[in-house]
Amino acid sequence: MKKVLIISYYWPPSGGSGVQRWVKFAKYLPAEGWKPVVYTPSNPELIAVDKSLLEEIPGEVEVIKRKIVEPYAIYRRLFGGNALGSSAGTEVNPISGRQKNFKRKLSLFIRGNFFIPDPRCLWVRPSVRFLKRYLEKHPVDVIVSTGPPHSMHLIGLKLSKKTGLPWVADFRDPWTKMFYFKHLELTKWSEKRHRALERKVLDGATAVVAVSPKVREDFQAMTSTPVELITNGYDESDYRETFIADENFNVTHTGLFAADGNPETFWKVLADKCSQDRVFSEALRIRLVGKTDAEIVDSIRSAGLGEKLMNFGYKDHLTAVREQRNATVLLLPLRQEPEYEAVLPGKLFEYLASRRPILGIGQPDSAMAAIVAETHAGKVFDWDDADAIRIYVDECWDQFKSDTLRDNEEDISRFDRKTLTKTYVKLLERML
(Lines give C-alpha, C1' and ligand atoms only; values in the text may rest on other atoms or scores of the structure.)
Protein backbone atom coordinates (compact mmCIF):
# COMPACT_ATOMS: atom_id res chain seq x y z
CA MET A 1 0.00 0.00 0.00
CA LYS A 2 1.38 3.41 -0.96
CA LYS A 3 1.71 6.04 1.76
CA VAL A 4 0.81 9.73 1.87
CA LEU A 5 1.98 12.05 4.64
CA ILE A 6 -0.76 14.56 5.49
CA ILE A 7 0.37 17.67 7.40
CA SER A 8 -2.68 19.21 9.07
CA TYR A 9 -3.14 21.50 12.07
CA TYR A 10 -6.76 20.36 12.43
CA TRP A 11 -7.54 16.78 13.41
CA PRO A 12 -10.09 15.13 15.73
CA PRO A 13 -11.06 15.66 18.45
CA SER A 14 -10.95 19.17 16.97
CA GLY A 15 -14.32 19.93 15.44
CA GLY A 16 -15.52 22.29 12.73
CA SER A 17 -15.32 22.55 8.97
CA GLY A 18 -11.51 22.73 8.81
CA VAL A 19 -11.24 19.16 10.09
CA GLN A 20 -13.70 17.32 7.92
CA ARG A 21 -12.02 17.60 4.51
CA TRP A 22 -9.03 15.44 5.45
CA VAL A 23 -10.85 13.23 7.93
CA LYS A 24 -13.08 12.17 5.05
CA PHE A 25 -10.20 11.74 2.58
CA ALA A 26 -8.32 9.68 5.19
CA LYS A 27 -11.46 7.60 5.71
CA TYR A 28 -11.63 6.53 2.06
CA LEU A 29 -7.98 6.55 0.95
CA PRO A 30 -7.17 3.03 2.26
CA ALA A 31 -9.84 1.53 -0.01
CA GLU A 32 -8.00 3.16 -2.93
CA GLY A 33 -4.65 1.64 -1.97
CA TRP A 34 -3.22 4.58 0.00
CA LYS A 35 -2.27 4.58 3.69
CA PRO A 36 -2.64 8.03 5.31
CA VAL A 37 0.05 9.10 7.78
CA VAL A 38 -1.24 12.21 9.54
CA TYR A 39 1.10 14.68 11.24
CA THR A 40 -0.75 17.04 13.61
CA PRO A 41 -0.20 18.91 16.91
CA SER A 42 -0.79 17.10 20.19
CA ASN A 43 -1.93 20.33 21.88
CA PRO A 44 -3.72 22.50 19.27
CA GLU A 45 -6.03 25.36 20.17
CA LEU A 46 -9.45 23.69 20.23
CA ILE A 47 -12.08 26.09 18.93
CA ALA A 48 -14.60 23.24 18.96
CA VAL A 49 -14.53 19.60 20.05
CA ASP A 50 -16.21 16.79 18.12
CA LYS A 51 -15.20 13.37 19.41
CA SER A 52 -17.65 11.69 17.02
CA LEU A 53 -15.20 12.43 14.19
CA LEU A 54 -12.71 10.03 15.80
CA GLU A 55 -15.06 7.22 14.82
CA GLU A 56 -14.62 8.18 11.14
CA ILE A 57 -10.93 7.29 11.13
CA PRO A 58 -10.16 3.73 9.99
CA GLY A 59 -7.53 1.61 11.68
CA GLU A 60 -5.17 1.89 8.72
CA VAL A 61 -4.60 5.59 9.42
CA GLU A 62 -1.41 6.36 11.33
CA VAL A 63 -1.48 9.57 13.40
CA ILE A 64 1.73 11.24 14.60
CA LYS A 65 1.32 13.99 17.18
CA ARG A 66 3.96 16.48 18.29
CA LYS A 67 3.73 19.38 20.70
CA ILE A 68 3.29 22.87 19.24
CA VAL A 69 4.12 26.22 20.84
CA GLU A 70 0.98 28.36 20.64
CA PRO A 71 1.50 32.16 20.93
CA TYR A 72 -2.25 32.43 21.56
CA ALA A 73 -1.83 30.59 24.84
CA ILE A 74 0.98 32.94 25.89
CA TYR A 75 -1.15 35.94 24.94
CA ARG A 76 -4.04 34.75 27.06
CA ARG A 77 -1.78 34.38 30.10
CA LEU A 78 -0.58 37.96 29.67
CA PHE A 79 -3.76 39.76 28.68
CA GLY A 80 -6.69 37.41 29.37
CA GLY A 81 -9.53 36.76 26.90
CA ASN A 82 -8.55 35.32 23.55
CA ALA A 83 -5.67 36.08 21.25
CA LEU A 84 -7.42 38.85 19.39
CA GLY A 85 -8.59 41.00 22.21
CA SER A 86 -12.21 39.90 22.64
CA SER A 87 -13.88 37.72 25.21
CA ALA A 88 -13.53 34.04 24.39
CA GLY A 89 -16.38 32.66 22.37
CA THR A 90 -18.09 35.98 21.58
CA GLU A 91 -17.10 36.13 17.92
CA VAL A 92 -16.97 33.52 15.18
CA ASN A 93 -14.14 35.28 13.35
CA PRO A 94 -12.26 37.74 15.60
CA ILE A 95 -9.94 38.79 12.75
CA SER A 96 -12.72 40.38 10.69
CA GLY A 97 -14.96 41.11 13.67
CA ARG A 98 -16.54 44.51 13.98
CA GLN A 99 -15.01 45.32 17.36
CA LYS A 100 -12.08 47.61 16.54
CA ASN A 101 -10.89 48.76 19.96
CA PHE A 102 -7.24 49.46 20.71
CA LYS A 103 -6.66 46.01 22.21
CA ARG A 104 -8.08 44.37 19.08
CA LYS A 105 -5.95 46.46 16.73
CA LEU A 106 -2.82 45.80 18.76
CA SER A 107 -3.55 42.08 18.78
CA LEU A 108 -4.09 42.04 15.03
CA PHE A 109 -0.91 44.02 14.47
CA ILE A 110 1.11 41.54 16.53
CA ARG A 111 -0.54 38.53 14.88
CA GLY A 112 -0.11 39.88 11.34
CA ASN A 113 3.41 41.30 11.57
CA PHE A 114 5.27 39.16 14.11
CA PHE A 115 3.86 35.73 13.18
CA ILE A 116 4.07 35.28 9.41
CA PRO A 117 2.15 33.67 7.82
CA ASP A 118 0.25 32.83 11.04
CA PRO A 119 0.83 32.07 14.75
CA ARG A 120 1.65 28.44 13.95
CA CYS A 121 4.89 29.49 12.21
CA LEU A 122 6.90 28.51 15.31
CA TRP A 123 6.05 24.88 14.52
CA VAL A 124 7.69 24.90 11.07
CA ARG A 125 11.37 24.30 11.88
CA PRO A 126 10.92 21.66 14.62
CA SER A 127 8.40 19.84 12.45
CA VAL A 128 10.70 19.74 9.44
CA ARG A 129 13.57 18.41 11.60
CA PHE A 130 11.38 15.74 13.17
CA LEU A 131 9.69 14.64 9.94
CA LYS A 132 12.96 14.41 8.02
CA ARG A 133 14.28 11.97 10.62
CA TYR A 134 10.97 10.14 10.79
CA LEU A 135 10.77 9.63 7.02
CA GLU A 136 14.28 8.16 6.90
CA LYS A 137 12.94 5.17 8.86
CA HIS A 138 9.29 5.33 7.74
CA PRO A 139 9.27 6.39 4.07
CA VAL A 140 6.18 7.71 2.29
CA ASP A 141 5.46 8.30 -1.38
CA VAL A 142 3.86 11.76 -1.39
CA ILE A 143 3.49 14.72 0.99
CA VAL A 144 0.26 16.71 1.31
CA SER A 145 -0.02 19.89 3.38
CA THR A 146 -3.43 21.39 4.03
CA GLY A 147 -4.03 24.97 5.07
CA PRO A 148 -4.91 27.34 6.53
CA PRO A 149 -2.99 27.73 8.71
CA HIS A 150 -0.56 28.25 5.86
CA SER A 151 2.41 27.40 8.07
CA MET A 152 1.51 23.80 7.22
CA HIS A 153 2.47 24.58 3.62
CA LEU A 154 5.83 25.92 4.76
CA ILE A 155 6.46 22.59 6.48
CA GLY A 156 5.54 20.81 3.24
CA LEU A 157 7.76 23.10 1.17
CA LYS A 158 10.87 22.65 3.32
CA LEU A 159 10.31 18.92 3.82
CA SER A 160 9.86 18.34 0.10
CA LYS A 161 13.12 20.16 -0.63
CA LYS A 162 15.03 18.13 1.97
CA THR A 163 13.62 14.74 0.93
CA GLY A 164 12.96 15.20 -2.78
CA LEU A 165 9.43 13.84 -2.30
CA PRO A 166 6.56 15.14 -4.44
CA TRP A 167 4.32 17.54 -2.55
CA VAL A 168 0.73 18.74 -2.90
CA ALA A 169 -0.24 22.09 -1.35
CA ASP A 170 -3.96 21.71 -0.57
CA PHE A 171 -5.63 25.09 0.00
CA ARG A 172 -8.96 24.89 1.82
CA ASP A 173 -9.02 28.71 1.63
CA PRO A 174 -7.01 31.30 -0.32
CA TRP A 175 -4.03 33.06 1.21
CA THR A 176 -3.59 36.76 0.38
CA LYS A 177 -7.01 36.88 -1.30
CA MET A 178 -8.81 35.52 1.76
CA PHE A 179 -11.50 37.94 2.96
CA TYR A 180 -9.87 38.57 6.35
CA PHE A 181 -6.36 39.26 4.96
CA LYS A 182 -7.05 42.99 4.69
CA HIS A 183 -8.00 43.11 8.39
CA LEU A 184 -4.58 41.97 9.67
CA GLU A 185 -3.16 45.50 10.19
CA LEU A 186 -0.12 44.58 8.07
CA THR A 187 2.85 46.83 7.41
CA LYS A 188 3.98 47.08 3.78
CA TRP A 189 6.94 44.84 4.59
CA SER A 190 4.71 42.19 6.19
CA GLU A 191 2.25 42.20 3.31
CA LYS A 192 5.14 41.81 0.88
CA ARG A 193 6.46 38.91 2.98
CA HIS A 194 3.06 37.17 2.92
CA ARG A 195 2.89 37.48 -0.86
CA ALA A 196 6.45 36.23 -1.27
CA LEU A 197 5.76 33.16 0.86
CA GLU A 198 2.54 32.48 -1.01
CA ARG A 199 4.42 32.59 -4.33
CA LYS A 200 7.19 30.41 -2.90
CA VAL A 201 4.67 27.74 -1.88
CA LEU A 202 2.82 27.86 -5.18
CA ASP A 203 6.02 27.63 -7.21
CA GLY A 204 7.65 25.03 -4.95
CA ALA A 205 4.76 22.56 -4.89
CA THR A 206 4.58 19.66 -7.31
CA ALA A 207 0.85 20.37 -7.55
CA VAL A 208 -1.59 22.79 -5.94
CA VAL A 209 -5.21 21.99 -5.07
CA ALA A 210 -7.96 24.61 -4.73
CA VAL A 211 -11.52 24.02 -3.55
CA SER A 212 -13.34 26.51 -5.80
CA PRO A 213 -13.04 27.48 -9.49
CA LYS A 214 -12.22 31.15 -8.81
CA VAL A 215 -9.47 30.31 -6.31
CA ARG A 216 -8.04 27.83 -8.79
CA GLU A 217 -8.08 30.52 -11.47
CA ASP A 218 -6.37 33.04 -9.18
CA PHE A 219 -3.64 30.59 -8.18
CA GLN A 220 -3.04 29.45 -11.74
CA ALA A 221 -2.48 33.07 -12.78
CA MET A 222 0.30 33.29 -10.17
CA THR A 223 2.28 30.12 -10.94
CA SER A 224 3.23 27.61 -13.60
CA THR A 225 2.62 24.77 -11.13
CA PRO A 226 -0.50 22.76 -12.11
CA VAL A 227 -3.51 23.81 -10.01
CA GLU A 228 -6.23 21.19 -9.60
CA LEU A 229 -9.85 21.74 -8.52
CA ILE A 230 -11.04 19.28 -5.87
CA THR A 231 -13.96 20.74 -3.94
CA ASN A 232 -15.23 19.89 -0.50
CA GLY A 233 -18.20 17.54 -0.41
CA TYR A 234 -20.57 15.39 1.59
CA ASP A 235 -20.31 11.86 2.92
CA GLU A 236 -23.23 9.74 1.74
CA SER A 237 -22.88 7.50 4.78
CA ASP A 238 -23.84 10.45 7.01
CA TYR A 239 -27.26 10.65 5.34
CA ARG A 240 -28.38 7.01 5.32
CA GLU A 241 -30.22 7.07 8.63
CA THR A 242 -34.01 6.95 8.27
CA PHE A 243 -35.30 10.33 9.36
CA ILE A 244 -38.74 11.89 9.75
CA ALA A 245 -38.90 15.68 10.03
CA ASP A 246 -40.99 17.37 12.71
CA GLU A 247 -44.13 19.36 11.92
CA ASN A 248 -42.66 22.87 12.20
CA PHE A 249 -41.60 25.23 9.43
CA ASN A 250 -37.90 25.12 10.28
CA VAL A 251 -35.51 27.73 8.94
CA THR A 252 -32.17 26.13 9.79
CA HIS A 253 -28.54 27.26 9.72
CA THR A 254 -25.69 24.92 10.65
CA GLY A 255 -22.04 25.73 11.20
CA LEU A 256 -20.30 29.04 11.88
CA PHE A 257 -22.58 32.06 11.65
CA ALA A 258 -20.53 35.27 11.65
CA ALA A 259 -21.77 38.81 12.20
CA ASP A 260 -20.51 39.91 8.78
CA GLY A 261 -22.95 37.40 7.27
CA ASN A 262 -26.02 38.65 9.15
CA PRO A 263 -29.06 38.51 6.75
CA GLU A 264 -31.02 41.35 8.36
CA THR A 265 -33.37 41.73 5.38
CA PHE A 266 -34.30 38.06 5.67
CA TRP A 267 -35.17 38.42 9.35
CA LYS A 268 -37.42 41.36 8.47
CA VAL A 269 -39.17 39.31 5.77
CA LEU A 270 -39.89 36.55 8.29
CA ALA A 271 -41.10 39.06 10.87
CA ASP A 272 -43.44 40.71 8.35
CA LYS A 273 -44.88 37.36 7.34
CA CYS A 274 -45.41 36.40 11.00
CA SER A 275 -47.39 39.60 11.56
CA GLN A 276 -49.56 38.90 8.50
CA ASP A 277 -50.06 35.14 8.85
CA ARG A 278 -50.85 33.73 12.29
CA VAL A 279 -50.53 30.09 11.14
CA PHE A 280 -47.07 30.79 9.70
CA SER A 281 -46.08 32.52 12.93
CA GLU A 282 -47.12 29.51 15.01
CA ALA A 283 -45.23 27.08 12.75
CA LEU A 284 -41.99 29.06 12.29
CA ARG A 285 -38.82 27.97 14.09
CA ILE A 286 -35.37 29.48 13.50
CA ARG A 287 -32.84 26.79 14.37
CA LEU A 288 -29.17 27.76 14.70
CA VAL A 289 -26.79 24.82 15.10
CA GLY A 290 -23.17 25.85 15.52
CA LYS A 291 -21.14 28.75 16.84
CA THR A 292 -23.19 31.92 16.25
CA ASP A 293 -22.13 35.52 16.83
CA ALA A 294 -24.12 37.38 19.47
CA GLU A 295 -24.93 40.03 16.86
CA ILE A 296 -26.91 37.47 14.87
CA VAL A 297 -28.99 36.50 17.90
CA ASP A 298 -29.55 40.17 18.80
CA SER A 299 -30.68 40.90 15.24
CA ILE A 300 -33.22 38.06 15.29
CA ARG A 301 -34.62 39.27 18.61
CA SER A 302 -34.71 42.89 17.43
CA ALA A 303 -36.83 41.78 14.48
CA GLY A 304 -39.37 40.41 16.95
CA LEU A 305 -38.49 36.78 16.28
CA GLY A 306 -37.00 35.93 19.67
CA GLU A 307 -39.76 33.45 20.52
CA LYS A 308 -39.07 31.58 17.27
CA LEU A 309 -35.33 31.23 17.91
CA MET A 310 -33.74 27.95 18.96
CA ASN A 311 -30.00 28.54 19.40
CA PHE A 312 -28.37 25.14 20.03
CA GLY A 313 -24.73 26.23 19.94
CA TYR A 314 -22.00 23.90 18.70
CA LYS A 315 -23.07 20.29 18.15
CA ASP A 316 -21.24 17.29 16.77
CA HIS A 317 -21.28 16.70 13.05
CA LEU A 318 -23.95 14.00 12.95
CA THR A 319 -26.30 16.15 15.03
CA ALA A 320 -25.80 18.97 12.53
CA VAL A 321 -26.66 16.55 9.71
CA ARG A 322 -29.91 15.58 11.45
CA GLU A 323 -30.79 19.25 11.81
CA GLN A 324 -30.15 19.80 8.10
CA ARG A 325 -32.54 16.98 7.25
CA ASN A 326 -35.13 18.35 9.67
CA ALA A 327 -35.08 21.73 7.91
CA THR A 328 -37.90 23.11 5.80
CA VAL A 329 -35.53 25.75 4.42
CA LEU A 330 -31.76 25.78 4.83
CA LEU A 331 -30.30 29.26 5.26
CA LEU A 332 -26.96 29.83 3.53
CA PRO A 333 -25.68 33.43 3.78
CA LEU A 334 -22.28 34.41 2.43
CA ARG A 335 -20.20 36.91 4.33
CA GLN A 336 -20.50 40.49 3.12
CA GLU A 337 -16.99 40.65 1.71
CA PRO A 338 -16.34 40.91 -2.05
CA GLU A 339 -13.60 38.26 -1.84
CA TYR A 340 -16.11 35.76 -0.51
CA GLU A 341 -17.83 35.38 -3.86
CA ALA A 342 -15.06 32.93 -4.80
CA VAL A 343 -15.63 30.73 -1.73
CA LEU A 344 -17.62 27.51 -1.69
CA PRO A 345 -18.66 27.02 1.96
CA GLY A 346 -18.23 23.44 3.15
CA LYS A 347 -21.80 23.41 4.44
CA LEU A 348 -23.08 23.98 0.88
CA PHE A 349 -22.33 20.38 -0.06
CA GLU A 350 -23.93 18.95 3.07
CA TYR A 351 -26.96 21.15 2.43
CA LEU A 352 -27.13 19.59 -1.04
CA ALA A 353 -26.96 16.11 0.50
CA SER A 354 -29.81 16.91 2.88
CA ARG A 355 -31.99 17.48 -0.21
CA ARG A 356 -33.85 20.33 1.49
CA PRO A 357 -34.49 23.72 -0.25
CA ILE A 358 -31.61 26.19 0.10
CA LEU A 359 -32.20 29.91 0.57
CA GLY A 360 -28.86 31.54 -0.16
CA ILE A 361 -28.10 35.19 0.50
CA GLY A 362 -25.08 36.91 -0.98
CA GLN A 363 -23.68 37.62 -4.41
CA PRO A 364 -26.04 36.15 -7.07
CA ASP A 365 -23.02 35.63 -9.37
CA SER A 366 -20.91 33.87 -6.72
CA ALA A 367 -19.43 30.38 -7.04
CA MET A 368 -21.95 29.19 -4.45
CA ALA A 369 -24.90 30.59 -6.43
CA ALA A 370 -23.68 28.79 -9.55
CA ILE A 371 -23.74 25.38 -7.84
CA VAL A 372 -27.12 26.02 -6.20
CA ALA A 373 -28.52 26.86 -9.65
CA GLU A 374 -26.83 23.91 -11.41
CA THR A 375 -28.23 21.43 -8.90
CA HIS A 376 -31.69 23.06 -8.69
CA ALA A 377 -31.22 23.03 -4.92
CA GLY A 378 -32.80 26.40 -4.20
CA LYS A 379 -32.17 30.06 -4.92
CA VAL A 380 -29.60 32.71 -4.01
CA PHE A 381 -30.68 36.31 -3.47
CA ASP A 382 -28.94 39.64 -3.07
CA TRP A 383 -28.67 40.89 0.51
CA ASP A 384 -31.36 43.57 0.20
CA ASP A 385 -33.72 41.91 -2.30
CA ALA A 386 -36.64 41.68 0.15
CA ASP A 387 -39.28 41.19 -2.55
CA ALA A 388 -37.56 38.17 -4.13
CA ILE A 389 -36.80 36.64 -0.72
CA ARG A 390 -40.44 37.11 0.30
CA ILE A 391 -41.69 35.36 -2.84
CA TYR A 392 -39.43 32.36 -2.23
CA VAL A 393 -40.46 32.09 1.42
CA ASP A 394 -44.12 32.24 0.32
CA GLU A 395 -43.51 29.46 -2.22
CA CYS A 396 -41.88 27.22 0.38
CA TRP A 397 -44.64 27.94 2.88
CA ASP A 398 -47.40 27.16 0.38
CA GLN A 399 -45.70 23.87 -0.52
CA PHE A 400 -45.19 23.08 3.15
CA LYS A 401 -48.88 23.63 3.93
CA SER A 402 -50.03 21.50 1.00
CA ASP A 403 -47.43 18.79 1.73
CA THR A 404 -45.89 19.24 -1.72
CA LEU A 405 -42.44 20.38 -0.55
CA ARG A 406 -40.33 17.52 -1.91
CA ASP A 407 -36.69 16.55 -1.54
CA ASN A 408 -34.45 17.57 -4.43
CA GLU A 409 -33.53 14.50 -6.52
CA GLU A 410 -30.81 16.09 -8.65
CA ASP A 411 -27.65 14.03 -9.21
CA ILE A 412 -24.98 15.47 -6.92
CA SER A 413 -22.73 12.40 -6.80
CA ARG A 414 -19.74 14.37 -8.11
CA PHE A 415 -19.56 15.94 -4.64
CA ASP A 416 -19.63 12.62 -2.76
CA ARG A 417 -16.53 12.18 -0.61
CA LYS A 418 -15.82 8.76 -2.15
CA THR A 419 -15.87 10.26 -5.64
CA LEU A 420 -13.67 13.16 -4.57
CA THR A 421 -11.20 10.74 -2.95
CA LYS A 422 -10.90 8.83 -6.23
CA THR A 423 -10.12 12.14 -7.95
CA TYR A 424 -7.46 12.89 -5.35
CA VAL A 425 -5.94 9.45 -5.77
CA LYS A 426 -5.57 10.08 -9.50
CA LEU A 427 -3.58 13.19 -8.67
CA LEU A 428 -1.40 11.33 -6.15
CA GLU A 429 -0.74 8.56 -8.67
CA ARG A 430 0.41 11.12 -11.24
CA MET A 431 2.95 12.43 -8.70
CA LEU A 432 4.83 9.13 -8.49
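The values are calculated or read from the model by the stated rules, or taken from the named source; none is laboratory data. Since this is a predicted model, take the numbers as computed values, not measurements. Note: ideal-geometry Cβ built from the backbone for every residue, glycine included; neighbour counts use all protein chains shown.
Take the conditions out of contact with any strand residue (DSSP E or B) (no Cβ under 9 Å at 6 or more places or on another chain), more than 21 Å from PRO148 (Cβ to Cβ) and surrounded by 16 or more Cβ atoms within 10 Å (Cβ to Cβ) and apply them to GLU32. Does it pass?
On the way: out of contact with any strand residue (DSSP E or B) (no Cβ under 9 Å at 6 or more places or on another chain): yes; more than 21 Å from PRO148 (Cβ to Cβ): yes; surrounded by 16 or more Cβ atoms within 10 Å (Cβ to Cβ): yes.
Taking the combined requirement at face value, the residue satisfies it.
Residue-by-condition table, conditions (1) farther than 30 Å from THR242 by Cβ; (2) within 17 Å of the chain's Cα centre (by Cα):
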| site | (1), (2) |
| --- | --- |
| GLU339 | yes, yes |
| TYR351 | no, yes |
| ARG355 | no, no |
| ILE358 | no, no |
| ALA370 | yes, no |
| ASP387 | yes, no |
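Taking (1) over 21 Å from the mean Cα position of the chain (by Cα); (2) assigned by TED's automatic domain parsing to the domain that holds GLN363; (3) under 26 Å from TYR340 (Cβ atoms) in turn, MET222 satisfies each apart from (2). Set side by side, the residues ARG417, ARG390 differ, and just one is touching an Asp or Glu at 6+ places or on another chain (Cβ under 8 Å) and surrounded by 19 or more Cβ atoms within 10 Å (Cβ to Cβ), which is ARG417.
Residues are listed down the side, and each one gets a yes or a no for (1) at pLDDT below 75; (2) in contact with an Asp or Glu (Cβ under 9 Å, 6 or more places away or on another chain); (3) basic (Lys, Arg):
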| residue | (1), (2), (3) |
| --- | --- |
| THR90 | yes, yes, no |
| ASN93 | yes, yes, no |
| GLY97 | yes, yes, no |
| PHE102 | yes, no, no |
| PRO119 | no, yes, no |
| SER127 | no, no, no |
| LEU131 | no, no, no |
| TYR134 | no, no, no |
| HIS138 | no, yes, no |
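Only one entry of LYS426, LYS422, LYS379, LYS347 meets the criterion of being in the same structural domain as TYR28 (by TED's automatic domain parsing) and under 22 Å from the mean Cα position of the chain (by Cα), and that entry is LYS422.
Among the residues that make up region 268-281, is at least one of them closer than 30 Å to LEU428 by Cβ, assigned by TED's automatic domain parsing to the domain that holds LEU359 and either among the small types (Gly, Ala, Ser) or modelled with pLDDT under 95 (or both)? Walk me through how you get there before you give the answer.
Our first condition is that a residue be closer than 30 Å to LEU428 by Cβ; within region 268-281, this holds for none.
No, that holds for no residue.
Can you find a residue that is among the aliphatic types (A, V, I, L, M), touching a strand residue (DSSP E or B) at 6+ places or on another chain (Cβ under 7 Å) and over 22 Å from ARG325 (Cα atoms) anywhere in region 274-291? No - not one qualifying residue is present in region 274-291.
Annotation for region 147-154: no member residue is assigned by TED's automatic domain parsing to the domain that holds GLY204, crowded, with 18+ Cβ neighbours inside 10 Å and modelled with pLDDT under 75.
Restricting to region 325-382, what's the tally of residues that are of a type in the set (Gly, Ala, Ser), part of a loop (DSSP other than H, G, I, E, B) and either closer than 14 Å to GLU409 by Cα or out of contact with any helix residue (DSSP H, G or I) (no Cβ under 9 Å at 6 or more places or on another chain) (or both)?
Of the residues in region 325-382, the ones of a type in the set (Gly, Ala, Ser) are 327, 342, 346, 353-354, 360, 362, 366-367, 369-370, 373, 377-378.
The next check asks that each one be part of a loop (DSSP other than H, G, I, E, B); those that pass are 327, 362, 366, 377.
Next, from what is left, pick out any that are either closer than 14 Å to GLU409 by Cα or out of contact with any helix residue (DSSP H, G or I) (no Cβ under 9 Å at 6 or more places or on another chain) (or both): 377.
Of the residues in that region, 1 qualify.
I want to confirm something. Restricting to region 242-270 and keeping residues that are among the β-branched types (Val, Ile, Thr) and under 17 Å from LYS379 (Cα atoms), which single residue is surrounded by the fewest Cβ atoms within 10 Å (Cβ to Cβ)? Explain how you work it out, then say what you get.
Step one: list which residues in region 242-270 are among the β-branched types (Val, Ile, Thr), which gives 242, 244, 251-252, 254, 265, 269.
Then drop every residue that is not under 17 Å from LYS379 (Cα atoms), which leaves 251-252, 265, 269.
Values: VAL251: 23, THR252: 23, THR265: 17, VAL269: 23.
Looking at the filtered set, the residue picked out is THR265.
Looking at (1) buried (at least 19 other Cβ atoms within 10 Å of the Cβ); (2) closer than 14 Å to PHE171 by Cα; (3) over 20 Å from the mean Cα position of the chain (by Cα); (4) not aromatic (Phe, Trp, Tyr), which is the one condition that is false for ASN232? ASN232 satisfies every listed condition except (3).
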